[in-house]
Amino acid sequence: MPSVTGLGGRRIIVGISGGIAAYKSAELVRRLRQAGAEVRVVMTPAAREFITPLTLQALSGNPVHSDLLDPNAEAAMGHIELARWADAVLVAPASANVIARLAQGLADDLLTTLCLATEASLFVAPAMNRVMWAHPATRVNCQLLQQRGVSLLGPAAGEQACGETGAGRMLEPDDLIQALVDHLRQGPLAACRVLVTAGPTREAIDPVRYISNHSSGKMGYAAAAAALAAGAEVVLVSGPTALDCPRGVSCRRVETAAEMSQAVQEQVGACQIFIAAAAVADYRPRRAQDEKMKKRAAELNLPLERTEDILATVAGMANRPFTVGFAAETSALEAHAVDKLQRKHLDMIAANWVGEGLGFNADDNALTLFWVDGKQEIPRADKAVVARELIAIIAERYHAKSTSQNSR
Ligand code: PMT
């Protein structure tokens, strides 16, 4: 059976209520982890009659949560922490009883309390006898939940554990996972793969010294996180930074321009959009010394050679992605940026000033975007905010370019 992918780094709570379909939850948890998700399981007391917490603990790799009033469990990871932890909560199977309690907003066990306390997307996979599913009370409860933005997944129709045939079977684990993937991938970059470079590179002079710059990686990491939030699958190639890889982004750490170039070449073929936010060293020492250099002469000349221009190489590919460069400038911002746009044949360039608390190693940035027949300002703000606007504009230009290419 092919494995479903696309939940890399996502945090999913699987809520299990009492029903015979609880046996499928074991496979659901296993497949979610195969798809890259981190999984925590919350069981109602009735669920524990159908499947053991030990099975789910082994499959999820985490302790199973059941008890709202257990001080030990609350101390380890309380219901509010669990509620905050999740990107999505999937109640599967959801019995008629749990659906009714969710619809009423009850908080009489850990699962319902958690569902009330979370801001994560809530998915409910009903599983019950066909007559219970068709009952007006269940119909009203489901409508109420849907009106509040809860996604109902299924049920499927078919043979039921009670011997009857009809609607009420829990969807198969892969169908549930695909629904989660589709939901979490909504946005203007859904179905896109985006490659982002970030941070500085380090070019060795000797074993203890290097040429580098003040890039912190914040702008590139923010762009990667914003692309992910816009529904893309994101690969981040990062030079040395102190930042954690954004959750859900696939991260490749590199040190030198040559390593960054190699990592980009390996990834770029599968990407529709390339964003070069890294401050790549333009030159590296022609030869890194094997031993620490001694200070003898009053002056030292270091022969330097050009590094590969990663951005220009990508922009020159036959089947290139939508290619976005950055330009960090200390003078004539527009003239330099437009020159880079044209010389490197880019689809877009994001120009930023250096200094005054902007650009390199700052929390804030302001960008001026240029493309062949357009220009747009993104005013000064925190880099996360700037990145969201940047990604929205990239998505717009990317789709406009794809549409015009397809109509030719
Ligand atoms: O990392 P932060 O502290 O958050 O700072 C963000 C930033 C200021 C580094 C970022 O916003 C930025 O402007 N990045 C590009 C900086 C830069 O070095 O620009 P450049 O003008 O030297 O290069 C132009 C473009 O070519 C850039 O997209 C760069 O990634 C790319 N390039 C440059 C040289 C090279 N050898 N290969 C490249 O791909």
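Go through Leu189, Cys142, Tyr283 and say which Cα lies farthest out towards the positive end of the charge dipole of the chain; charges sit on Cβ, +1 for Lys and Arg, -1 for Asp and Glu. Working it through, the farthest residue towards the positive pole turns out to be Tyr283.
Three principal axis extents describe the C-alpha atoms of the chain; from largest down they are 87, 56, 41 Å. Our analysis of the range 1-130 gives Rg over Rh at 0.94, with the two radii drawn from alpha carbon positions and Rh computed by the Kirkwood formula. Shown here for the range 123-185: trypsin sites (Lys or Arg not before Pro) in loop regions (DSSP other than H, G, I, E, B) with at most 11 other Cβ atoms within 10 Å, namely Arg148.
In this Cβ point-charge picture (+1 for Lys and Arg, -1 for Asp and Glu), the range 11-184 has a dipole of about 200 debye about its Cα centre. The angle between the Cα long axis of helix 218-229 and the longest principal axis of the Cα atoms of the chain comes to about 30 degrees, rounded to the nearest 10. For the chain, the longest principal axis of the C-alpha atoms and the axis of helix 383-406 are separated by about 90°. Once backbone amide H atoms are built at 1.01 Å from N, Ala167 has Gly158 as its partners under 5 Å, excluding neighbours fewer than 5 places away on the same chain. Relative to the current alpha-carbon distance between Glu356 and Ala242, full extension at 0.36 nm per residue lengthens the span by 38.8 nm. Legend: ranking of residues Thr368, Thr112 from fewest to most surrounding C-beta atoms inside 10 Å; resulting order Thr368, Thr112. Considering only Thr118, Val314, Thr330, and ranking their Cα positions along the charge dipole of the chain that arises from unit charges at the beta-carbon of Lys, Arg, Asp and Glu, the one farthest toward the positive end is Val314. Can you flag which of Lys340/Lys375; Lys340/Lys383; Lys375/Lys401; Lys218/Lys344 are past 19 Å Cα-Cα? Distance filter (> 19 Å) returns Lys340/Lys383; Lys218/Lys344.
Partnerless cysteines in the chain, where a partner means another cysteine C-beta under 4.7 angstrom, comprise Cys115, Cys142, Cys162, Cys192, Cys271.
Charge dipole (Cα centre; +1 on Lys/Arg Cβ, -1 on Asp/Glu Cβ; no other charges) of the chain amounts to roughly 580 debye.
Taken one residue at a time, the phi angles of the range 303-309 give Karplus couplings (6.51, -1.76, 1.60, θ = phi - 60°) of x, 10, 10, 5, 8, 6, 8 Hz. Gly and Pro are set to x. Only helices enter the 222 nm calculation for the chain: every DSSP H run of n ≥ 4 contributes -39,500 (n - 2.57), and dividing by all residues gives -10500 deg cm²/dmol, rounded to 500. Here the peptides 387-395, 285-293 are ranked by packing, the mean other Cβ count within 10 Å, and the order with the highest first is 387-395, 285-293. Taking the range 82-117 and a reference point 7 angstrom along Cα→Cβ of Asp175, the backbone N atoms nearer than 18 Å belong to 90-96.
Under 5 Å from the amide H of Ala327 lie the amide H atoms of Ala350, Ala351, Asn352, each residue being 5 or more positions distant or on a separate chain, with H modelled from the backbone and absent for Pro and chain starts.
Relative to the longest principal axis of the Cα atoms of the chain, helix 173-184 runs at roughly 50 degrees. Of the GluC sites (Glu not before Pro) in the range 38-141, the ones in a loop by DSSP (not H, G, I, E or B) with at most 13 other beta carbons within 10 Å are Glu119.
Every number in this text was worked out from the coordinates using simple rules, so none of it is lab data. The model shown is predicted, which means the values in this text are computed figures rather than measured ones. Heads up, the Cβs are rebuilt from the backbone with ideal geometry, glycines too, and the neighbour counts pull from every protein chain shown.
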